[in-house]
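The values are calculated or read from the model by the stated rules, or taken from the named source; none is laboratory data. Everything numeric here is computed off the predicted structure, so don't read it as measured data. All Cβ positions, even for glycine, are placed from backbone atoms using ideal geometry, and neighbour counts span all protein chains on display.
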Amino acid sequence: MRVSRCFLPVMKDSPSDAQIVSHKLMLRAGLVRQTAAGIYAWLPIGFRVLQKIEQIVREEQDRSGAQEMLMPTLQSADLWRESGRYDAYGPEMLRIRDRHEREMLYGPTNEEMITALFRDEVKSYRELPRTLYHIQWKFRDEVRPRFGVMRGREFLMKDAYSFDLDEAGARQSYYTQLLAYLRTFQRMGIRAVPMKAASGPIGGDLSHEFIVLAPTGESEVFYDAAFEEFDWSQAQLRYGDAQGLQRLFDQVSTTYAATDETHDPDRWSQVASDRQRTGRGIEVGHIFYFGDKYSQAMGLKVSGPDGQMITPMMGSYGVGVSRLVGAIIEASHDDAGIVWPEAVAPWTVGLVTMRADDEPSRTAAETIYDRLNAAGVETLYDDRDERGGVKLGTMDLIGLPWQVIVGPRGIANGTVELKRRATGEREDLSIESALARLTE
Ligand code: ATP
Ligand code: MG
C-alpha cells in the first residue's frame, strides 16, 4: 500500500481526551475514531490489525475443534424471557422496539440464542459433544465507557459455547478451550495469564480470566513467578489427549494467579515471597462452565442411549477481540509509538524514501516495493513528498516491525538501511541482502 493513497490520518499531538497510552496511540496513529460515546469506527490501519487478531482467534478455535457460525446482533426479548435474564440484565442491555412494537435488544452475549438453536435441532446424545463459536459485535451500555476500545459500548467478541452430556465431558471441553486460549494469545505475541475467576452461583473451579499484564489494567493481579517460565504454546499437547489436558489444567489451577476479586491471602502467603509477583492487568478473555443453567431453563434435552432424557452441560468462552487491539498496545509500545508484534502488525514492512525528489532513491524504492509485494510481504510504502524525518516519525508511531530506509547517500553505494522497530537496531545492507532478510 502506498501512503500517498492511504486514508491514514495521523495526529502530531497527543489527544487530550485520551487517558491511557493505547487509546492515545490508537487515535494518533489513525486506527480508530469515536463516532458516539464508546462506539468506534475502525479506520483502515486499525481494521487490518483487528482482522489479524480475529483470524488468529479463528484459526485456534478451528484447530481446537470448535465450529464457526454467525448469529445476529439483534435478538428478540422473548428469547431472553425464557432464561429469565431479560429483566435481570439491567440497564447495560440496549432495548429496542421495532415498528410493530416488538421488543428487541442488541445482544450483549449469546447464551440464550445458541441454546435455543441447539435445542430446536439436536435430539440425540449422538450429536454431542459440540462446541460452536462466532465472532460478532456486542453492545453493552456500560455506565462509563472509557479507555477507547478497551471498554467500549459496541465491541467485537469471539464467544464459543460447548454442549456436553455430562460434567466430565464439559470439563474436557473447558480444558480444550483453555489450551486454545493459551495458544491464541501466545501467537499474538502477548502473555495472558489464566487467573482463577469468580465462578458465579454454581461454584466450582471452572472459571478463568486471561489477563494481560499492563500498568494501566483495571484489575489488580497476584501471581506466582512460575508463570514467567510457563510453556505457553504447549506444542506437544494434542487436543484429544484427555490426560494431558487434565495435567495442563492441574498445573494452571495449582499455580497461584488471581485478580483482586478472587485473591486469597492465605493461599498467597504459601507462595515463596521471592516468587510473588503483583501488578495490574487487562482481561482479554474469560472462560466459564455453567452446567445446566441455560439448558434447564430453556428446555434443552436430548435422548440418551437407553431412551432416558439428558440435559446437556454447557460452558461459554469469550475473547475480547477489539479490546485486544488496545491491550496489545499497552503491552508493546515505547516513547515513539506502537511496537506491533509481527503476527498482528497491519503491515510487516514500512518502506521510506528520505528524499522523494531524488530519482535514484525513488527508482530503488519502487523496485524494493515491487519485489516485497511479489514475495507476499505486506508493505506500506511512504512515497510522499514529505521530509524524511516526518516519514520516519510516522513509521515509528504506527509501529511496523521492520523499516527499510532509502536515502541518496546509501543508494549511491548500493545500500539501504534496515531498521528493526522493536530494538531500534539499524544495519546498512545491499538491496539484495535486505530483500533476502525480509523474504526469508
Ligand atoms: P469486564 O469485567 O471487563 O467488564 P466482562 O467480564 O463483563 O468484562 P465477559 O462477559 O467475560 O466480560 O466478556 C468476554 C470478554 O469480552 C472479556 O474478557 C473482555 O475481553 C471483552 N469485553 C467485555 N466487555 C467489554 C467492553 N465493554 N469493551 C470491550 N471489550 C469487552
Ligand atoms: Mg469476564
Problem set entry | Test: residue in the stretch 280-292 that is of a type in the set (D, E, K, R) and closer than 18 Å to residue 208 by Cα | yes
Problem set entry | Single residue of 60, 68 found to be touching a helix residue (DSSP H, G or I) at 6+ places or on another chain (Cβ under 6 Å) and charged (D, E, K, R) | 60
Problem set entry | Where residue 220 falls short, out of the listed (1) within 28 Å of residue 14 (Cβ to Cβ); (2) within 18 Å of the chain's Cα centre (by Cα); (3) at pLDDT 95 or above | (2)
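Quick grid of which residues meet (1) within 16 Å of ligand 2 (Cβ to nearest atom); (2) on the phi < 0 side of the Ramachandran plot:
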| site | (1), (2) |
| --- | --- |
| 145 | no, yes |
| 148 | no, no |
| 159 | yes, yes |
| 169 | no, yes |
| 175 | no, yes |
| 180 | no, yes |
| 186 | no, yes |
| 210 | yes, yes |
| 213 | no, yes |
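Specify which of the listed residues (185, 155, 163, 210) is farther than 28 Å from residue 277 by Cβ and under 15 Å from the mean Cα position of the chain (by Cα).
After ruling out the rest, the residue left standing is 155.
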Exercise. Given the conditions (1) buried (at least 20 other Cβ atoms within 10 Å of the Cβ); (2) at pLDDT below 95; (3) away from ligand 1 (no atom under 14 Å from the Cβ), and given that residue 215 satisfies all but one, which numbered condition is not satisfied?
Worked result: (1)
Exercise. So which residues in the stretch 252-303 are within 16 Å of ligand 1 (Cβ to nearest atom) and of a type in the set (Ser, Thr, Tyr)?
Worked result: 259, 262, 289, 294
Problem set entry | Residue list for the stretch 117-159, filter: of a type in the set (Gly, Ala, Ser), more than 30 Å from residue 25 (Cβ to Cβ) and buried (at least 21 other Cβ atoms within 10 Å of the Cβ) | none
Problem set entry | Residue selected from the stretch 375-401 under the condition part of a helix (DSSP H, G or I) and touching a helix residue (DSSP H, G or I) at 6+ places or on another chain (Cβ under 9 Å), by the criterion farthest from residue 337 (Cα to Cα) | 391
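Here is a yes/no grid of residues against (1) touching a residue at least 24 places away in the same chain (Cβ under 8 Å); (2) out of contact with any Cys (no Cβ under 8 Å at 6 or more places or on another chain); (3) of a type in the set (A, V, I, L, M, F, W, C):
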{"site": "100", "(1), (2), (3)": "no, yes, no"}
{"site": "103", "(1), (2), (3)": "yes, yes, no"}
{"site": "116", "(1), (2), (3)": "yes, yes, yes"}
{"site": "123", "(1), (2), (3)": "yes, yes, no"}
{"site": "130", "(1), (2), (3)": "yes, yes, no"}
{"site": "158", "(1), (2), (3)": "yes, yes, no"}
{"site": "183", "(1), (2), (3)": "yes, yes, no"}
{"site": "186", "(1), (2), (3)": "yes, yes, no"}
Problem set entry | Which numbered condition residue 407 fails, given (1) out of contact with any Leu (no Cβ under 8 Å at 6 or more places or on another chain); (2) within 20 Å of residue 8 (Cα to Cα) | (2)
For this session: Could you pull out the residue among 367, 353, 348 that is away from ligand 1 (no atom under 16 Å from the Cβ) and out of contact with any strand residue (DSSP E or B) (no Cβ under 7 Å at 6 or more places or on another chain)?
Result: 367
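Are there strands (runs of 3 or more DSSP E) fully within the stretch 194-305 with at least 2 residues that are free of Cβ contacts under 8 Å to residues at least 60 places away in the same chain? List them.
Counting at least 2 such residues, we get 219-224, 276-291.
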Exercise. Any residue in the stretch 269-285 that is within 16 Å of ligand 2 (Cβ to nearest atom) and closer than 30 Å to residue 165 by Cβ?
Worked result: yes
For this session: Pick out the one residue from 318, 307 that is away from ligand 2 (no atom under 16 Å from the Cβ) and not assigned by the TED database to the domain that holds residue 398.
Result: 307
Exercise. Can you name the strands (runs of 3 or more DSSP E) wholly within the stretch 73-189 that have at least 2 residues being in the same structural domain as residue 301 (by the TED database) and small (Gly, Ala, Ser)?
Worked result: 154-164
Exercise. Restricting attention to the stretch 107-156, which residues are within 16 Å of ligand 1 (Cβ to nearest atom) and of a type in the set (Asp, Glu)?
Worked result: 111, 112, 141, 142, 154
